[in-house]
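Let me begin by presenting the structure, written as C-alpha cells, before commenting on it.
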Amino acid sequence: MTVALEKAYETPVKDSRTVILWVSRHRPLKAQIDELERKLGPIVVYQLSGVIPSAEFVVERAEGLGAKYVIPVLPLSFTARLVELAKAKGFEVLVAKMRNVAVAKGLEEAGRVVGERPDRRTMVAHADGTARVFEFERFERLLRVELVTEPF
C-alpha cells in the first residue's frame, strides 16, 4: 500500500488557518473537527494514510505542510519517536481520547451503535467478526511516551 496525503477538511474562511497533520487511515470525526476549531480557530487538516515507514517520514510531511499539530494513530514506537522529534521541530503531538462504548458481535450491530452518535463514534472491526465502538471525548497533548519493563 502506498502513502496518500490529502486535504481532509478546511475551515471555510479567508483568515489564516492552523495546519494539522492527521496520520490515520480513518478520517477525522465531525466532533473532532469541531473540537479542533473550538480550540484553534480556523484550521486545515491534511490526512496522511497508508503504510507509514517511520516517524521521520511523518515529520518531513509535517514540516513540508507547515503543520503546528500532528495527530497520529500509529504504533507506540512510532508515536514515541514522533514526540521526541516534535520538540526539536516545533510542533505538538495530540491524541484523541476515545472511550470504548461497545463490543459488538458483528458489523451490523456496531453500525447501529455508531449510528446513535455518528459525529462522535467510530468502529474497529476485528478478525473474529466482533467490532469495538469508540466515542471521541477530547484531545490531549502527548508530552512523553514512556515504556517501563522488568525482567521476565
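Around Thr130, with a cut-off of 15 angstrom between Cβ atoms, what is the net charge of the other residues, counting Lys and Arg +1 and Asp and Glu -1? Charge balance in the 15 Å sphere: 0. In angstrom, the C-alpha Rg and Dmax of segment 64-152 are 16.5, 45.
Sorted into 5 angstrom bins from 0, the C-alpha pair distances of the chain split as 2, 9, 17, 19, 19, 16, 11, 6, 2, 0, 0, 0 percent.
Taking a point 7 Å from the Cα of Arg117 along the Cα-to-Cβ direction, the residues of segment 25-55 with backbone N closer than 19 Å to it are 27-39.
For the peptides 142-152, 71-81, 105-115, the ranking by mean Cβ contacts within 10 Å, running from highest to lowest, is 71-81, 105-115, 142-152.
Taking every DSSP bridge with both residues inside the chain, close to 65 percent are antiparallel.
The separation of segment 78-152 from segment 1-70, counted between C-alpha centres, amounts to 16 Å.
Let's see if you can work this out: charge +1 on each Lys and Arg Cβ, -1 on each Asp and Glu Cβ, no other charges. What is the dipole magnitude of segment 39-152 about its Cα centre, in debye to the nearest 20? Walk me through the numbers before you get to the answer.
Working: 17 positive and 15 negative charges, 73 e Å.
I would put it at about 340 debye.
Ordering Tyr69, Tyr9 from the fewest to the most neighbouring beta carbons within 10 Å gives Tyr9, Tyr69. Modelled this way, with points 7 Å down the Cα-to-C-beta line, the labels at Ser24 and Glu150 are 3.4 nm from one another.
With the simple spin-label model, which puts each label point 7 Å out from Cα in the Cβ direction, the Asp128 to Lys7 separation comes to 4.4 nm.
Any read-out appearing in this document is the output of simple, stated calculations on the displayed coordinates, not a laboratory observation. Only a predicted model underlies this, so the values are computations on that prediction, with no experimental measurement involved. Glycine gets a Cβ as well: all are built from the backbone with ideal geometry, and neighbour counts include every protein chain shown.
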